[in-house]
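Read the structure below first, then the notes.
The values are calculated or read from the model by the stated rules, or taken from the named source; none is laboratory data. Predicted model, so just to flag it, every value in this text is computed and none were measured. Methodologically, a virtual Cβ is constructed for each residue, glycine included, from the backbone with ideal geometry; neighbour enumeration extends over all protein chains shown.
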Amino acid sequence: MAKEIWVYAQKNKDGYAEVVGELLAKSQEIAKQIGDCIICAVSLGENVKDDEKTLGDLGAEKVYLLDHASLKEYRCDLYGEALQKLVQKYEPEYFFFGATAIGSELAPTVAALLKTGLAAHCIDLRYGKDRLNCMVPAFGGKVVSEIYIPNARPVMASVRPGILQSEEPVKYTAEAVKEDVSYLDHAESAEEFLGFEENQKGTNNIEEADVVVSAGRGITSDASWNALKQVAEKTDGAIAWSRSFIDTGRVKDESSMIGTSGKSVKPKLLINAGVSGAAQYVCGITRAKKVISINKDPKAPIFAYSDYGVAGDAEKILAAVASKL
Ligand SMILES: Cc1cc2nc3c(=O)[nH]c(=O)nc-3n(C[C@H](O)[C@H](O)[C@H](O)COP(=O)(O)OP(=O)(O)OC[C@H]3O[C@@H](n4cnc5c(N)ncnc54)[C@H](O)[C@@H]3O)c2cc1C
């Protein structure tokens, strides 16, 4: 019998989370290597009954639809139990989640209910030598470990959004499996849904900003840091940084760091200042529409990933740009 690869189809207010498409595309890649496999999406909610078309376009061959009023809003206990029952009924081989706020709670809940293994916050999934290796950064991103789950099934993994690189997925007219979830008619949740609050713009949300100005180790002086902040302020942009910039001591937190162990950004305009262009950094900027980089070294690798390059001192150039703005 064909093995099933499942992807949890997280639905947000304006449609499926982007990571759902990323996971389905990656699942197609893995399926090619395994052979006899079916790519499935699992969608829970109220009025998800016709969603197989959308998920088929994203690369699912089969879609499990769990449609019930009590699933209207995400609640971990109800969603967890519904997914546990579904897995026990159909026994998929793999089950992938986006490591979003919801996925990072739901995936370990389901894994614990099923007593199976979960590799959390992966940056890649690589199939080879008859096993799936889940790539997970460890020790603050200084190493990447390979996690392999030998016996427990399904193998579960949560993967950071915006980081997987896959080919354009094949679209399918997906088969819809409408599950009977009448057991939820009398379900009680320990959680009460109070409301949904979106991240406010202007809170340095580097994943949503139209303009991102990113600092690397080359931003050394107070003057260059101030000039960079001015450029961000005048463009209504968010400020991001590389891992090495944290080492300069100007910032501490990793929540605005770009890269494999940080975040992936997709602004209309990204300005890199004093960033060399290490592989672990550039994998987080591949979705930026226009990239301008400033580096004093004309041979810096970052220029190969940029639409425009300025070879020169970051402080001088940023100050000039800020004054023009
Ligand atoms: C497992 C692993 C995971 C990692 N994950 C991440 C990650 O998620 N994100 C990340 O960023 N890194 C990550 N790293 C680290 C990564 O390998 C690089 O070390 C880091 O990205 C380099 O940051 P940088 O470009 O700011 O610094 P550097 O590589 O030191 O580059 C500084 C650049 O600034 C330029 N410069 C210096 N002075 C000036 C000036 N006055 N004006 C203009 N330019 C100037 C220099 O020419 C140089 O190119 C990871 C590493 C490992 C091993």
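General observations
- Verdict on SER261 being over 14 Å from GLY162 (Cβ atoms), near the ligand (Cβ under 8 Å from one of its atoms), outside the structural domain of GLU167 (by TED's automatic domain parsing) and not in a strand (DSSP E or B): no
- Criterion: assigned to a loop (DSSP other than H, G, I, E, B) and either assigned by TED's automatic domain parsing to the domain that holds ILE102 or closer than 30 Å to GLN33 by Cα (or both) - qualifying residue of GLU146, GLU167, GLU191, GLU198: GLU167
- Tally, over segment 231-243, of residues that are surrounded by 17 or more Cβ atoms within 10 Å (Cβ to Cβ), in a helix (DSSP H, G or I) and either at pLDDT below 90 or out of contact with any Asp or Glu (no Cβ under 9 Å at 6 or more places or on another chain) (or both): 2
- Among the candidates TYR64, TYR79, the residue that is of a type outside the set (S, T, N, Q), assigned to a helix (DSSP H, G or I), at pLDDT 95 or above and outside the structural domain of GLN280 (by TED's automatic domain parsing) is uniquely TYR79.
- VAL136 being under 14 Å from the mean Cα position of the chain (by Cα) and more than 16 Å from VAL7 (Cα to Cα): yes
- For segment 271-292, a tally of residues being near the ligand (Cβ under 9 Å from one of its atoms) and in contact with a strand residue (DSSP E or B) (Cβ under 8 Å, 6 or more places away or on another chain) returns 8.
Residue by residue, here is whether (1) near the ligand (Cβ under 7 Å from one of its atoms); (2) surrounded by 18 or more Cβ atoms within 10 Å (Cβ to Cβ) holds:
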{"residue": "SER256", "(1), (2)": "no, yes"}
{"residue": "LEU269", "(1), (2)": "no, no"}
{"residue": "ASP297", "(1), (2)": "yes, no"}
{"residue": "GLY309", "(1), (2)": "no, yes"}
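- Residues in segment 46-102 that are under 27 Å from GLY195 (Cα atoms), of a type in the set (Ser, Thr, Tyr) and surrounded by fewer than 22 Cβ atoms within 10 Å (Cβ to Cβ): THR54, SER70, TYR74, THR100.
- Filtering segment 3-59 to residues that are touching a residue at least 40 places away in the same chain (Cβ under 8 Å), part of a helix (DSSP H, G or I) and of a type outside the set (A, V, I, L, M) leaves GLU18, GLY21, GLU22, LYS26, SER27, GLN28, GLU29, GLN33, GLU52, LYS53, GLY56, ASP57.
- Just one of the numbered conditions (1) within 11 Å of the ligand (Cβ to nearest atom); (2) touching a residue at least 24 places away in the same chain (Cβ under 8 Å) is not true of TYR305: (1).
- Considering the conditions (1) within 16 Å of the ligand (Cβ to nearest atom); (2) within 27 Å of LEU55 (Cα to Cα), ILE219 is excluded by exactly one of them, (2).
- Condition check for GLY274: crowded, with 23+ Cβ neighbours inside 10 Å and either touching a residue at least 40 places away in the same chain (Cβ under 8 Å) or out of contact with any Ser or Thr (no Cβ under 6 Å at 6 or more places or on another chain) (or both): yes
- Residue in segment 114-136 that is touching a helix residue (DSSP H, G or I) at 6+ places or on another chain (Cβ under 6 Å), among the polar types (S, T, N, Q) and more than 16 Å from the ligand (Cβ to nearest atom) present: no
- Taking the listed residues ASP180, ASP222, ASP210, the one that is farther than 30 Å from LEU114 by Cβ, without any contact (Cβ under 8 Å) to a residue 24 or more places away in the chain and among the acidic types (Asp, Glu) is ASP222, with no other qualifying.
- Of all residues making up segment 222-243, the number that are more than 22 Å from the chain's Cα centre (by Cα) and within 12 Å of the ligand (Cβ to nearest atom): 5
- Some residue of segment 278-290 being touching a Leu at 6+ places or on another chain (Cβ under 8 Å), part of a loop (DSSP other than H, G, I, E, B) and surrounded by fewer than 21 Cβ atoms within 10 Å (Cβ to Cβ): yes
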